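Below is one structure, written out as structure tokens, with a few remarks after it.
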Amino acid sequence: AVNNLAMNKSHDWFENNVIFRVPPNFPVDEFYEMDEAMRKHPDVIAEMEKPMLQDWPFQTDATNPLVTLSCNILRSMQRDDSVCGVPFCSDASKFGRLGIPTILFGPGSIDQAHAAVESVACSQVEEALRFYTEVARRFS
């Protein structure tokens, strides 16, 4: 028995917490429409809390000159030049929302960012500086 329940026996109710991260170009209004539709189901008790943090997704096209230049520079530095999305917020979304081509690049690891054990190796800061300098020098 687990939690005073016999095996293969379950509660007559279920509770689930959902954290929803909006992917780029997802119409946020549709999420609220799904919430409303769930609330109309007779067997569902749904509660949606006000977002703790709300930010806008952004996506700069991989063929954008800033992206291709950045990838070329990273390749010349013998670094990973793959283009990908990230599951966290940043100020970049505000620029992207204004139509300003934007990329995220920086030293350190997001796994340690904004934590008590946050640290960045000086060599990574120096390498990021070389990258930023080269992008600024070559981007027109």
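The values are calculated or read from the model by the stated rules, or taken from the named source; none is laboratory data. Since the structure is predicted, the reported quantities are computational estimates derived from the model, not experimental observations. So basically every Cβ, Gly included, is an ideal-geometry build from the backbone, and we count neighbours across all protein chains shown. Note: areas computed on protein heavy atoms with side chains; ligands, DNA, RNA excluded. Shrake-Rupley method; radii C 1.70, N 1.55, O 1.52, S 1.80 Å.
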Subtracting the Cα-Cα distance from 0.36 nm times the residue separation, let me have the gained length for Y132 to L98 in nm, one decimal.
10.1 nm
What's the carbon and sulfur percent of the stretch 85-134's accessible surface, probe 1.4 angstrom, rounded to a whole number?
60
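Under the 0.36 nm per residue contour assumption, what length would be gained going from the current alpha-carbon distance of A62 and N16 to full extension?
12.9 nm
Could you rank the peptides 113-120, 131-138 by their average count of other C-beta atoms within 10 Å per residue, with the highest value first?
The packing order, highest mean first, is 131-138, 113-120.
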Ranked output for segments 99-105, 66-72, 79-85 by mean other Cβ atoms within 10 Å, highest leading, reads 66-72, 99-105, 79-85
Percent relative contact order of the stretch 79-140, based on C-alpha pairs within less than 8 angstrom and at least six residues apart?
21
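Below 15 angstrom from the Cβ of H41, what's the summed charge of the other residues (Lys, Arg +1; Asp, Glu -1)?
Net charge in that neighbourhood comes out at -3.
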Label points 7 Å out from Cα along the Cβ direction at M34 and L69: separation in nm?
3.8
